[in-house]
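Trainee: The structure follows.
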2 protein chains.
Amino acid sequence: MHIKEWGNGVTEYILLGFLMQGNMTGYDMKQHMSMSTSYFVDASFGSIYPSLKRLVQKGFVELKETIENGKLKKIYSINEQGKEEFEKWLSAPILVSKTDISSALAKIFFFRYLPFDKAILLIERYIRDIEQYKKSLSELKPKIEKKADEFSLGTLHFGLDYYDFSIRWYKSYLKNLKQKIQ
Amino acid sequence: MHIKEWGNGVTEYILLGFLMQGNMTGYDMKQHMSMSTSYFVDASFGSIYPSLKRLVQKGFVELKETIENGKLKKIYSINEQGKEEFEKWLSAPILVSKTDISSALAKIFFFRYLPFDKAILLIERYIRDIEQYKKSLSELKPKIEKKADEFSLGTLHFGLDYYDFSIRWYKSYLKNLKQKIQ
DNA sequence: TGAAGCATGTAACGTGTTACATGATTGG
DNA sequence: CCAATCATGTAACACGTTACATGCTTCA
């Protein structure tokens with residue numbers, strides 16, 4: 001048996017996050033996505049419905065079937081266990097992914113459900129982690145440069161500049177957040 | 001029967017790209033990755049070996065088994081069909097992914113195998129496509145803002161700023177490339 | 001009446017990770 | 001001699017997409 005830090009099932013956590021606001025159907029959640037998270041996570045129905053089934057099986061979500069206007073509706077709601085799981089996910093460090101922005105954004109998107117100071121700490125740690133990644137890549141740079149051409153060198157610079165951009169962005173974001181509470 | 005534009009099997013294309021440089025083993029390719037593409041694509045052996053098997057099955061790659069220092073070695077080489085497939089992939093538009101940087105970088109990384117002017121055109125088109133994405137998100141912005149809090153608003157701004165950063169970055173990169181050939 | 005939207009879901013397929021499994025050589 | 005590196009691979013599992021499949025209501 002092995003612990004899976006987070007399983008990468010970002011979709012499931014997004015669904016839990018939506019249910020924190022109130023009960024709704026799978027269809028509703030898809031609507032929510034396209035109007036709020038679509039620029040970083042936009043799951044299809046073929047992913048949403050199985051995810052919901054799993055969430056029920058895992059005991060994080062409750063299901064009530066109703067008939068409204070002749071249409072079958074499955075109203076989902078989050079229970080205590082689900083809330084705990086969601087908060088556990090939120091409280092865990094934001095993972096730096098070299099290539100995937102969505103897992104970080106997904107978490108921050110729901111940070112209103114975390115105590116403000118905890119959120120701040122996680123973002124601060126995230127920044128430090130990105131800085132670490134940037135440092136590693138910088139150290140790898142000379143090795144890569146030796147056999148790089150115009151184009152592959154470009155991708156390396158993009159990587160470094162992207163880390164810089166992220167660090168700067170999150171620092172400024174953090175500053176903004178902190179000012180708001182004073 | 002449906003056409004799959006590119007199948008998203010970026011790993012397979014990376015492997016083909018390495019084989020453009022010369023023949024090597026799966027193990028070699030892993031080494032290559034960690035020393036050149038690891039900051040955007042770094043497949044595990046559990047992905048590399050099956051990918052190579054598939055590439056052979058698809059008829060893009062040839063395999064020669066040798067024994068060197070008592071160790072079994074499988075030397076892979078790319079054939080004409082493989083080169084065609086690789087070039088087809090390179091020549092296809094760079095897809096804008098909202099969340100995944102790696103697919104774009106993977107392609108640009110190998111642009112030396114494309115005629116210079118073709119590469120330039122693809123990057124120009126890519127920039128236009130990002131601009132389109134940014135425009136779409138900007139248009140969605142007011143809708144999202146209506147129900148956004150401090151944090152979810154942050155992720156929206158990150159999205160927009162990331163598009164801006166990318167556009168600016170690629171424009172400057174393009175300028176640099178063009179200067180080099182004059 | 002017919003299209004769009006509401007509402008659900010499955011099946012095939014692709015592709016990735018981690019853990020497991022094996023075994024040789026090389027260098028300290 | 002033992003660890004690291006070279007070298008291969010499989011199996012279980014997770015997760016996602018697309019296409020397919022169904023059927024009701026609402027509105028032009």
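The values are calculated or read from the model by the stated rules, or taken from the named source; none is laboratory data. In this text the structure is predicted, and so the values were computed from the model without any measurement. Reconstructed Cβ throughout: ideal geometry from the backbone, glycine too, with neighbour counts over all protein chains shown. Remember, those area values only see protein heavy atoms, side chains included, never the ligands or the DNA or RNA. Shrake-Rupley method; radii C 1.70, N 1.55, O 1.52, S 1.80 Å.
Trainee: Filter the stretch B:7-24 for residues that are out of contact with any Phe, Trp or Tyr (no Cβ under 7 Å at 6 or more places or on another chain) and over 17 Å from A:K98 (Cα atoms) and give the result. Write out each step before concluding.
Mentor: Step one: list which residues in the stretch B:7-24 are out of contact with any Phe, Trp or Tyr (no Cβ under 7 Å at 6 or more places or on another chain), which gives B:7-12, B:14-15, B:18, B:21-22.
Within the stretch B:7-24, B:G7, B:N8, B:G9, B:E12, B:L15, B:F18, B:Q21, B:G22 meet the criteria.
Trainee: Confirm whether A:G9 is near DNA strand D (Cβ under 10 Å from one of its atoms) and among the small types (G, A, S). Step through it out loud before you land on a result.
Mentor: On the way: near DNA strand D (Cβ under 10 Å from one of its atoms): yes; among the small types (G, A, S): yes.
Here the answer is yes, as A:G9 does meet what is asked.
Trainee: If B:D149 satisfies every condition in (1) surrounded by 15 or more Cβ atoms within 10 Å (Cβ to Cβ); (2) free of Cβ contacts under 8 Å to residues at least 24 places away in the same chain; (3) closer than 28 Å to A:K171 by Cβ; (4) at the interface with chain A (Cβ under 8 Å from one of its Cβ atoms) but one, which is the exception?
Mentor: Failed condition: (1).
Trainee: Working only within the stretch A:73-91, note down all residues that are within 14 Å of DNA strand D (Cβ to nearest atom) and within 16 Å of A:E12 (Cα to Cα).
Mentor: Looking only at the stretch A:73-91, we keep the residues that are within 14 Å of DNA strand D (Cβ to nearest atom), and these are A:73-74, A:85, A:89.
Across the stretch A:73-91, the qualifying residues are A:E85, A:W89.
Trainee: Need the failing condition index for A:A92 against (1) surrounded by 13 or more Cβ atoms within 10 Å (Cβ to Cβ); (2) aliphatic (A, V, I, L, M); (3) touching a residue at least 12 places away in the same chain (Cβ under 8 Å), just the number.
Mentor: (1)
Trainee: A further question on this structure: Quick one: how many residues across the stretch B:142-182 are over 29 Å from the mean Cα position of the chain (by Cα) and part of a helix (DSSP H, G or I)?
Mentor: Filtering the stretch B:142-182 for residues over 29 Å from the mean Cα position of the chain (by Cα) gives B:142-153.
Still in the running and part of a helix (DSSP H, G or I): B:142-146, B:150-153.
Counting residues in the stretch B:142-182 that are over 29 Å from the mean Cα position of the chain (by Cα) and part of a helix (DSSP H, G or I) gives 9.
Trainee: Here's a follow-up. Would you say B:G82 is surrounded by 15 or more Cβ atoms within 10 Å (Cβ to Cβ), more than 14 Å from chain A (Cβ to nearest Cβ) and of a type outside the set (V, I, T)? Reasoning before the result, please.
Mentor: On the way: surrounded by 15 or more Cβ atoms within 10 Å (Cβ to Cβ): yes; more than 14 Å from chain A (Cβ to nearest Cβ): yes; of a type outside the set (V, I, T): yes.
Yes; evaluated as a whole, the condition is true for this residue.
Trainee: Right, B:L174: closer than 19 Å to A:D149 by Cβ, outside the structural domain of B:L16 (by TED's automatic domain parsing) and not basic (K, R) or not?
Mentor: Numbers: closer than 19 Å to A:D149 by Cβ: yes; outside the structural domain of B:L16 (by TED's automatic domain parsing): yes; not basic (K, R): yes.
The answer is yes for B:L174.
Trainee: Identify, please: which residue in the stretch A:18-28 is open to solvent by less than 60 Å² (accessible area, probe 1.4 Å) and not in a helix (DSSP H, G or I) and is, among those, farthest from DNA strand D (Cβ to nearest atom)? Working first, answer last.
Mentor: The initial filter retains those residues of the stretch A:18-28 that are open to solvent by less than 60 Å² (accessible area, probe 1.4 Å), namely A:18-20, A:22, A:24-26, A:28.
Within this subset, residues satisfying the condition of being not in a helix (DSSP H, G or I) are A:22, A:24-25.
Values: A:G22: 22, A:M24: 17, A:T25: 12 Å.
Among them, the one singled out is A:G22.
Trainee: Take the stretch A:29-72 and flag every residue that is away from every other protein chain (no Cβ under 14 Å), more than 12 Å from DNA strand D (Cβ to nearest atom) and in a helix (DSSP H, G or I).
Mentor: Of everything in the stretch A:29-72, those that are away from every other protein chain (no Cβ under 14 Å), more than 12 Å from DNA strand D (Cβ to nearest atom) and in a helix (DSSP H, G or I) turn out to be A:M29, A:V56.
Trainee: Does B:F158 satisfy the criteria of being aromatic (F, W, Y) and within 7 Å of another protein chain (Cβ to nearest Cβ)? Break it down into steps so the answer makes sense when it comes.
Mentor: Details: aromatic (F, W, Y): yes; within 7 Å of another protein chain (Cβ to nearest Cβ): yes.
Spelling it out, B:F158 is indeed aromatic (F, W, Y) and within 7 Å of another protein chain (Cβ to nearest Cβ).
Trainee: If B:L105 satisfies all but one of (1) touching a residue at least 40 places away in the same chain (Cβ under 8 Å); (2) of a type outside the set (S, T, N, Q); (3) assigned by TED's automatic domain parsing to the domain that holds B:F158, what's the number of the condition it fails?
Mentor: Checking B:L105 against (1) touching a residue at least 40 places away in the same chain (Cβ under 8 Å); (2) of a type outside the set (S, T, N, Q); (3) assigned by TED's automatic domain parsing to the domain that holds B:F158, the one that fails is (3).
Trainee: Kindly indicate whether B:I101 is more than 25 Å from A:Y173 (Cα to Cα) and buried (at least 21 other Cβ atoms within 10 Å of the Cβ). Write out each step before concluding.
Mentor: Numbers: more than 25 Å from A:Y173 (Cα to Cα): no; buried (at least 21 other Cβ atoms within 10 Å of the Cβ): yes.
Answer is no for this residue.
Trainee: Looking only at the stretch B:61-72, decide whether some residue is under 30 Å from A:Y163 (Cβ atoms) and either more than 12 Å from DNA strand C (Cβ to nearest atom) or open to solvent by less than 40 Å² (accessible area, probe 1.4 Å) (or both). Write out each step before concluding.
Mentor: If we filter the stretch B:61-72 for residues that are under 30 Å from A:Y163 (Cβ atoms), which is where we start, we get none.
The answer is no; no qualifying residue exists.
Trainee: Residue by residue through the stretch B:108-144, note down the ones that are open to solvent by less than 70 Å² (accessible area, probe 1.4 Å), under 23 Å from A:S103 (Cα atoms) and facing chain A (nearest Cβ under 9 Å).
Mentor: Listed by number, the residues that qualify are B:S136, B:L137, B:L140, B:I144.
Trainee: Please state which of the following conditions A:V56 fails to meet, knowing it meets all the rest: (1) hydrophobic (A, V, I, L, M, F, W, C); (2) under 19 Å from the mean Cα position of the chain (by Cα); (3) open to solvent by 50 Å² or more (accessible area, probe 1.4 Å).
Mentor: (2)
Trainee: Out of curiosity, is A:Y173 at the interface with chain B (Cβ under 7 Å from one of its Cβ atoms) and open to solvent by less than 70 Å² (accessible area, probe 1.4 Å)?
Mentor: Against the criterion (at the interface with chain B (Cβ under 7 Å from one of its Cβ atoms) and open to solvent by less than 70 Å² (accessible area, probe 1.4 Å)), A:Y173 qualifies.
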